[in-house]
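Peer 1: Got a structure for you, questions after.
The values are calculated or read from the model by the stated rules, or taken from the named source; none is laboratory data. Remember, it's a predicted structure, so these values are computed and weren't measured experimentally. FYI the Cβ positions are ideal-geometry reconstructions off the backbone, even for glycines, and counts take in every protein chain you see.
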Amino acid sequence: MIKCIIVDDKPLAIDILADYVSKTPFLSLVYSSVNPLDALEYIRNNDAHLVFLDIQMPELTGIQVMKILQGKCRVILTTAYSKYALEGYEHDVIDYLLKPVSYDRFYKAVEKARRLIDVPAQNNVVKIAGGNTEDLFVKTGYKIQRIPLDSILFIEAKQNYIAIVTADRQVLSLQNIKSIEEKLPAGHFVRVHKSYIIAINKINVIEKSNIQIGKNNIPVGDAYRDAFFTRINT
């Protein structure tokens, strides 16, 4: 997980980028500020991998902040003025986002960041030596919880974490849905939406683009529809 910071003197600009970060499974927003001096203090005392940094700010410019950081973390510049692009690249920034920033353009920039930033992949699924292969062991905070695979109804992605839902509980784990999907037996589980994996044997009713599992209604995403219906042979 790439730990991100947003620094911009416009609160609305922070809100937009924070929303984009929340939609991106491999990013985690750890701090944001309208004051670059406060942000510098945070970076000095905490771990961060990537800073979304506005160029024009009252106390310090983004270029000045980068010089102070001296490579402590990587930078994606954001600004409403394209004339600063060349100067930004001279300071080895990952990318340069021109406001207003679209999510598509944001995602291209952070994909580049993911390739350049060496962050160990976070894996909160724990393998227990000699353990039952019908169980899933999942890190939740400082604990490891055992979840029988046959008790899982579905798994839902929620911003930077997932919720593993059974008939009687919900287990939250800080990871993205793709990482948990790779650990589940394909014969029993299927991805039906960018935010949902379901247990096939827990389906009660399918009506058009909606799956009912117990009292839960789960949408079938357009990108997953054909594969899902082929999988259940309909």
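Peer 1: What pairs come up if the first residue lies in segment 57-70 and is in a helix (DSSP H, G or I), the second is among the acidic types (Asp, Glu), and their beta carbons are under 8 Å apart, counting only those six or more places apart or on different chains?
Peer 2: GLY62/ASP54; ILE63/GLU87
Peer 1: Still on this structure, please answer the following. Under 9 Å between Cβ atoms, at least 6 apart or on separate chains: pull out the pairs that start in segment 159-179 with a residue that is assigned to a helix (DSSP H, G or I) and end on any residue that is exposed (fewer than 13 other Cβ atoms within 10 Å of the Cβ).
Peer 2: SER179/ALA121
Peer 1: Taking only segment 67-78 into account, find how many residues are modelled with pLDDT of 85 or more and either more than 19 Å from the chain's Cα centre (by Cα) or of a type in the set (A, V, I, L, M, F, W, C) (or both).
Peer 2: Here the count works out to 6.
Peer 1: What is the number of the single condition among (1) assigned to a loop (DSSP other than H, G, I, E, B); (2) touching a Ser or Thr at 6+ places or on another chain (Cβ under 7 Å); (3) of a type outside the set (Val, Ile, Thr) that ALA18 does not meet?
Peer 2: Just one mismatch for ALA18, condition (1).
Peer 1: Additional query: Mind listing whichever residues of segment 206-234 are closer than 22 Å to ARG169 by Cα and either loosely packed, with under 11 Cβ neighbours inside 10 Å or within 27 Å of the chain's Cα centre (by Cα) (or both)?
Peer 2: Listed by number, the residues that qualify are ILE211, GLN212, ILE213, LYS215, ASN216, ASN217, ILE218, PRO219.
Peer 1: Right, here's the next one. Could you check segment 189-234 and list, in sequence order, the residues that are aromatic (Phe, Trp, Tyr) and assigned to a strand (DSSP E or B)?
Peer 2: Of everything in segment 189-234, those that are aromatic (Phe, Trp, Tyr) and assigned to a strand (DSSP E or B) turn out to be PHE189, TYR196.
Peer 1: So, in segment 17-43, of the ones that are of a type in the set (Val, Ile, Thr) and within 11 Å of the chain's Cα centre (by Cα), which residue ends up modelled with the lowest pLDDT?
Peer 2: THR24
Peer 1: Quick one: count up the residues across segment 130-156 that are modelled with pLDDT of 90 or more and either surrounded by 14 or more Cβ atoms within 10 Å (Cβ to Cβ) or in a strand (DSSP E or B) (or both). Full working, then the answer.
Peer 2: Kept after step one, since they are modelled with pLDDT of 90 or more, are these residues of segment 130-156: 147-156.
Checking the rest, the ones that are also either surrounded by 14 or more Cβ atoms within 10 Å (Cβ to Cβ) or in a strand (DSSP E or B) (or both) come to 147-149, 151-156.
Summing the residues that are modelled with pLDDT of 90 or more and either surrounded by 14 or more Cβ atoms within 10 Å (Cβ to Cβ) or in a strand (DSSP E or B) (or both) in segment 130-156 gives 9.
Peer 1: Same structure again: Among what's in segment 1-47 and is among the aromatic types (Phe, Trp, Tyr) and in contact with a Phe, Trp or Tyr (Cβ under 9 Å, 6 or more places away or on another chain), pick the residue that is surrounded by the most Cβ atoms within 10 Å (Cβ to Cβ). Let's see the steps before the verdict.
Peer 2: Within segment 1-47, the subset among the aromatic types (Phe, Trp, Tyr) is 20, 26, 31, 42.
Retained after the next criterion (residues that are in contact with a Phe, Trp or Tyr (Cβ under 9 Å, 6 or more places away or on another chain)): 20, 31, 42.
Details: TYR20: 22, TYR31: 16, TYR42: 16.
Checked segment 1-47; the qualifying residue surrounded by the most Cβ atoms within 10 Å (Cβ to Cβ) is TYR20.
Peer 1: Restricting attention to segment 81-96, and to residues there that are touching a Leu at 6+ places or on another chain (Cβ under 7 Å) and closer than 23 Å to ASP38 by Cα, which single residue is modelled with the lowest pLDDT?
Peer 2: Only one residue fits best here, namely GLY88.
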